[in-house]
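This report refers to the structure that appears directly beneath it.
The values are calculated or read from the model by the stated rules, or taken from the named source; none is laboratory data. This is a predicted model, so every value here is computed, not measured. Reconstructed Cβ throughout: ideal geometry from the backbone, glycine too, with neighbour counts over all protein chains shown.
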């Protein structure tokens, strides 16, 4: 009976974690959607020793116009703006010349900026080859 109770408790906790993960992802995606008015939105990540950081940045005219950062070790972490990223150029983010911002946030933003540049280059290449 004890093993059955343990298995039931384990299953219930696992299901609870899945529900909380889903809700956290839904909150983050809603925060990302709110950035769309500020420019092109791209999301990057940084992972180190199990601690993940996600950065969604809005880019207009090659400068960051908005951001939402999700970092933390639990499903209760909330997406928050990072004012230190606003106004930075995409090239500065990629080069890593960001001061006054948490290093994990800077790395996630650099990943997002790199993805943005790659996407822009591939679109430019696709339009010139037609």
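Residue by residue, here is whether (1) assigned to a loop (DSSP other than H, G, I, E, B); (2) buried (at least 16 other Cβ atoms within 10 Å of the Cβ); (3) touching a residue at least 12 places away in the same chain (Cβ under 8 Å) holds:
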residue	(1), (2), (3)
13	no, no, no
19	no, no, no
25	no, no, no
42	no, yes, yes
77	yes, yes, yes
91	no, no, yes
109	no, yes, yes
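Among the residues of the stretch 45-71, just one is touching a strand residue (DSSP E or B) at 6+ places or on another chain (Cβ under 8 Å) and modelled with pLDDT under 85, namely 51. Among the criteria (1) under 21 Å from residue 24 (Cα atoms); (2) surrounded by 11 or more Cβ atoms within 10 Å (Cβ to Cβ); (3) free of Cβ contacts under 8 Å to residues at least 24 places away in the same chain, the one residue 118 does not fulfil is (1).
Report yes if residue 30 is loosely packed, with under 15 Cβ neighbours inside 10 Å and either more than 21 Å from residue 102 (Cα to Cα) or in contact with a strand residue (DSSP E or B) (Cβ under 6 Å, 6 or more places away or on another chain) (or both), otherwise no. Yes.
With closer than 27 Å to residue 19 by Cα, at pLDDT 90 or above and not in a strand (DSSP E or B) as the only criterion, which of 35, 115 stands out? So that I can check it myself, show each step before the final result.
Working: 115 fails: closer than 27 Å to residue 19 by Cα.
The conditions single out 35.
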